[in-house]
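Read the structure below first, then the notes.
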Amino acid sequence: MSETIGQRFEGTSDYIATDDLKVAVNAAVTLRRPLLVKGEPGTGKTVLAHENSKAIGAPLIEWNIKSTTKAQQGLYEYDAVARLRDGQLGDERVHDISNYSKKGKLWEAFTSEQLPVLLIDEIDKADIEFPNDLLQELDRMSFDVYETQERSKAKERPIVFFTSNNEKELRDAFLRRCFVHYIKFPDRDTMASVIDVHFPGIQKTLVKKAMKIFYGLGELPALKKKPSNS
């Protein structure tokens, strides 16, 4: 599989992208360097990867991170308990150890027949060491499956998006390997464009009054947490 992405990302009919965001996405896609997208909830970080995959015609592989997620799960998971049980029951499957290895999202991306977009969503939810635990695999685009003595190697470097809500600081070793883009809170004009995309035909007077209240609340100094898009 050897593909060249010729189409530049310019936003879509469902996604308003600022000029600096377009530059960041196109640089990451062209150079195949992971793009870390940071910003407040509701600023369109996750949707960006979805829209980019549609814009360039690439399949999307999505890995949603939780507080309990381990990096190893992105590679593969070996079910030793199931193999032991099948061995006790005399199941013939037990003779092929690959029956008990479940592919993770990185493995899926590495072996995809078509160049994929890999979204690793809300990476800051996991343990602080989680991003660093993926560095070697993302650099080499390969990893070893020790139980089967095989190596999974990417046919071509996938397009990788990370998202973060800034809940935790990420290590410098990880940040150095990424393009990093912070999606700023939208100004009034950008917000009006976003609303128009999602609610075409809405009354302009209603939008104007709602935005006045929304941005007015955000300017109150006494508010500990300002209202977000979400």
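The values are calculated or read from the model by the stated rules, or taken from the named source; none is laboratory data. No experiment lies behind these values; they were computed from the predicted model shown. Counting neighbours? That spans all protein chains shown, and the Cβs are built from the backbone with ideal geometry, glycine included. Surface accessibility is based on the protein's heavy atoms, side chains included, excluding ligands, DNA and RNA. Shrake-Rupley method; radii C 1.70, N 1.55, O 1.52, S 1.80 Å.
Here are the numbers for this structure:
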{"item": "Residue that is open to solvent by less than 50 Å² (accessible area, probe 1.4 Å), in a loop (DSSP other than H, G, I, E, B), in contact (Cβ under 8 Å) with a residue 24 or more places away in the chain and of a type outside the set (Val, Ile, Thr), where the choices are Leu138, Leu115, Leu106", "result": "Leu115"}
{"item": "Ser193 in contact with a strand residue (DSSP E or B) (Cβ under 7 Å, 6 or more places away or on another chain), small (Gly, Ala, Ser) and modelled with pLDDT under 90", "result": "no"}
{"item": "In the range 118-135, the residues that are surrounded by fewer than 20 Cβ atoms within 10 Å (Cβ to Cβ) and either assigned to a helix (DSSP H, G or I) or of a type in the set (Val, Ile, Thr) (or both)", "result": "Asp124, Lys125, Ile128, Asn132, Asp133, Leu135"}
{"item": "Of all residues making up the range 89-98, the number that are assigned to a helix (DSSP H, G or I), surrounded by fewer than 16 Cβ atoms within 10 Å (Cβ to Cβ) and not small (Gly, Ala, Ser)", "result": "5"}
{"item": "Members of the range 55-88 found to be modelled with pLDDT under 90, part of a helix (DSSP H, G or I) and open to solvent by 70 Å² or more (accessible area, probe 1.4 Å), listed by number", "result": "Val81, Arg83, Leu84, Arg85, Gln88"}
{"item": "Options Pro186, Pro158, Pro221; residue that is closer than 23 Å to Asn52 by Cβ and either open to solvent by 80 Å² or more (accessible area, probe 1.4 Å) or at pLDDT 90 or above (or both)", "result": "Pro158"}
{"item": "Close pairs from the range 211-230: first on the phi < 0 side of the Ramachandran plot, partner assigned to a loop (DSSP other than H, G, I, E, B) and among the β-branched types (Val, Ile, Thr), Cβ under 7 Å, at least 6 apart", "result": "Asn229/Thr43"}
{"item": "Every residue from the range 119-169 that is touching a Pro at 6+ places or on another chain (Cβ under 9 Å) and more than 20 Å from His181 (Cα to Cα)", "result": "Met141"}
{"item": "Unique residue being touching a Phe, Trp or Tyr at 6+ places or on another chain (Cβ under 7 Å) and over 27 Å from Asp144 (Cβ atoms) when the list is Glu40, Glu10", "result": "Glu40"}
{"item": "Selected residue (only one of Glu92, Glu108, Glu137 is of a type in the set (Asp, Glu), within 28 Å of Tyr15 (Cβ to Cβ) and out of contact with any Ser or Thr (no Cβ under 7 Å at 6 or more places or on another chain))", "result": "Glu108"}
{"item": "Lone qualifier among Ala17, Ala28 - being farther than 30 Å from Asp96 by Cβ, open to solvent by less than 20 Å² (accessible area, probe 1.4 Å) and in a loop (DSSP other than H, G, I, E, B)", "result": "Ala17"}
{"item": "Among (1) within 24 Å of Thr190 (Cα to Cα); (2) surrounded by 14 or more Cβ atoms within 10 Å (Cβ to Cβ); (3) at pLDDT below 85 - the single one Leu48 does not satisfy", "result": "(3)"}
